[in-house]
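What follows is a single structure, written as C-alpha cells, with notes after it.
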Amino acid sequence: MKRPIEDDGVIQIVSAETDPRFGSDPSERKLNELLDRGAVILDKPRGPTSHQVVSWLRSILEVDKAGHHGTLDPNTTGVLPVALGSAVRVLDLSLPEGKEYIAIMHLHREPPMEHIERVLGEFTGEIYQMVPVRSAVKRGLRQRKIGYIKLLEKEGNDLLLLIGCESGTYIRTLIHDMGEVLGVGANMSELRRTRSGRTGEEKAVRLQDVRDAWEIYKETGDEGRLREVVRPMEELLSHLPRVFIKDSTVDAVCHGAQLSMPGVCGMDGGIRAGDVVVIATLKGEAVAVGEALMDSVQMQSVRKGNAVRTERVLMEPKTYPKAWKNSGN
C-alpha cells in the first residue's frame with residue numbers, strides 16, 4: 001500500500017510504502033482505541049464549571065480518564081477541548097496556542113466614540129495584567145499579548161468585542177482595565193470563547209450531542225454519530241509541524257530512540273531547529289513529539305545524523321513491527 005505524502009506544504013525526501021496490516025489512519029481507529037486516543041471539542045454551556053462538564057463527559061462515554069485545558073468559569077460558554085484516555089498527554093502542547101473570545105463590555109458611562117477606538121488600539125499588543133485575587137494562579141503582574149480587539153457592535157453603553165489573545169489572558173481584567181483608562185469604568189457582562197488554538201466553535205458539540213451519539217451506539221451498534229463527536233488525538237496537535245517516518249522506524253521511536261535521517265520520508269516545510277514537531281507515520285498517526293535538531297532545508301540535503309530528539313512517546317511499542325537494524329535508529 002503506497003501512501004505518498006501529498007499534503008500541501010509537505011516536502012517528500014524519499015518514496016516509501018506503509019503496510020496496512022499495522023497501525024491505521026487516525027480516523028479509522030477501532031472505537032476502543034479512539035476513546036483512549038481521542039478528543040471531544042465541547043461547547044461548554046453556562047452554569048457548570050469546566051471540571052463538572054468534563055466529569056459528565058467521562059461518565060457518558062464510560063472512560064476512566066479525561067482532561068481539559070483553558071478552564072472556563074461557570075458563566076463563560078464556548079470551546080472547551082477535552083482529551084480522552086492517553087490523549088491527555090498532549091493537552092499541554094496546545095497551551096501556547098492563542099484563544100479568541102466574544103465579550104460584551106458594559107460601560108458605566110458613555111464616552112466619545114473616538115476615545116473608545118483609541119483605547120482599544122492602546123490595549124492591542126503587549127500588555128501587563130495583575131492576576132485576579134480568585135485565580136488559581138499565584139497573584140502577581142504578568143505580560144500577555146493581545147493580537148486584536150475588534151468592535152463588532154455598539155448599543156448604548158454595551159460594546160460587542162472580538163478579542164484574539166495569548167493563552168492565559170484574563171478577559172474580565174482586560175475589560176476592567178480598558179474601562180479605567182477610558183475614565184468611565186466598565187465590567188464584562190458576557191463572555192464566549194470562540195476559538196482555542198486552531199479549533200473553532202464550528203467544531204464544537206454539546207454534551208447532549210455526545211449523549212445522543214453514545215445512546216445510538218449502545219442501542220444499535222452504529223458508530224457513525226459517535227465518531228463525529230469523538231475526534232482523533234492528532235487534531236489536538238494540528239498546529240505542530242510534522243516529520244514523516246518509514247514503517248521500519250516507528251517501533252524504535254516508540255522505545256524512545258532519537259529519529260535519524262535514514263528513517264525520514266518527508267516533513268512539513270518551514271521547520272526550524274528547536275521547533276516542537278510531531279513524528280508521524282505515513283498514515284498520519286502521531287508516534288511521538290520531539291525537538292527538531294535540523295531545519296527543513298537541512299533535512300532535505302543530508303542523509304545522516306539525528307533529525308529529531310524524541311521527547312514524548314505517544315504510540316504504544318509493537319504497534320508496528322520491530323525493524324531497528326533497517327531503520328537507521
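Summarising the label geometry, the points placed 7 Å from Cα in the beta-carbon direction at Lys145 and Glu223 lie 4.0 nm from one another. Straight Cα distances below 16 angstrom link Lys218 to the aspartates and glutamates Glu62, Asp209, Glu228, with same-chain residues fewer than 8 positions distant left out.
Within the same chain, aspartates and glutamates fewer than 8 places from Lys99 are excluded, and of the rest, those with a Cα less than 18 Å from its Cα are Asp43, Asp73, Glu126, Glu166, Glu190, Glu201, Glu202, Glu235.
At full extension, Leu31 and Val184 could sit 49.6 nm farther apart than now, given 0.36 nm per residue minus the alpha carbon distance. Size descriptors for the chain: radius of gyration and Dmax over Cα atoms are 22.9, 73 Å.
Principal-axis analysis of the Cα atoms of the chain puts helix 171-182 at an angle of about 40° to the longest axis.
Each peptide in 307-314, 14-21 receives the mean, over its residues, of other Cβ atoms within 10 Å, and ordering these scores from highest gives 307-314, 14-21. Report the paramagnetic label zone for His239: residues of the range 77-102 whose backbone N is under 11 Å from a point 7 Å from Cα along the Cα-to-Cβ axis. Those under the cut-off are 92-100. Taking packing as the residue-averaged number of other Cβ atoms within 10 angstrom, the listed peptides 222-231, 248-257 run from highest to lowest as 248-257, 222-231. Taking a point 7 Å from the Cα of Arg312 along the Cα-to-Cβ direction, the residues of the range 242-278 with backbone N closer than 12 Å to it are 276-278. Against the chain, whose longest principal axis comes from its Cα atoms, helix 50-61 is set at around 40 degrees.
Name the shape class, rounded, prolate or oblate, that the alpha-carbon gyration tensor gives for the range 1-123, where a ≥ b ≥ c are the square roots of its eigenvalues, rounded holds for a/c under 1.5, and otherwise prolate holds if a/b is larger than b/c and oblate otherwise.
Details: a/c = 4.11, a/b = 1.62, b/c = 2.54.
Judged from the Cα gyration tensor, the range 1-123 comes out oblate (a/c at least 1.5, b/c at or above a/b).
Eigenvalues of the alpha-carbon gyration tensor of the range 99-196, scaled by 5 and square-rooted, set the equivalent ellipsoid semi-axes at 21, 15, 13 angstrom, largest first. For the range 94-121 versus the range 246-322, the inter-centroid distance based on Cα atoms is 42 Å. Excluding same-chain neighbours fewer than eight residues apart, the lysines reachable from Lys322 by a Cα-Cα span under 25 Å are Lys2, Lys30, Lys246, Lys283, Lys304. Dividing the summed -39500 (n - 2.57) terms of all DSSP H runs of n ≥ 4 by the residue count of the chain sets its mean residue ellipticity at 222 nm at -6500 deg cm²/dmol. Estimated from the Cβ-Cβ distance and a Förster radius of 35 angstrom, the FRET efficiency linking Phe22 and Ala273 is about 0.70.
Each of the peptides 114-123, 74-83 was scored by the mean count of other Cβ atoms within 10 Å over its residues; in descending order, highest first, they stand as 74-83, 114-123.
When the Cα positions of Ala83, Ala292, Gly256 are compared along the charge dipole of the chain, Gly256 comes out farthest toward the positive end, with charges on each C-beta of Lys, Arg, Asp and Glu. Legend: ranking of residues Tyr320, Tyr101, Tyr217 from fewest to most surrounding C-beta atoms inside 10 Å; resulting order Tyr217, Tyr101, Tyr320.
Every number in this text was worked out from the coordinates using simple rules, so none of it is lab data. Remember, predicted model here, so these are calculated numbers, not experimental data. Cβ: placed from backbone, ideal geometry, glycine included. Neighbour counts: every protein chain shown.
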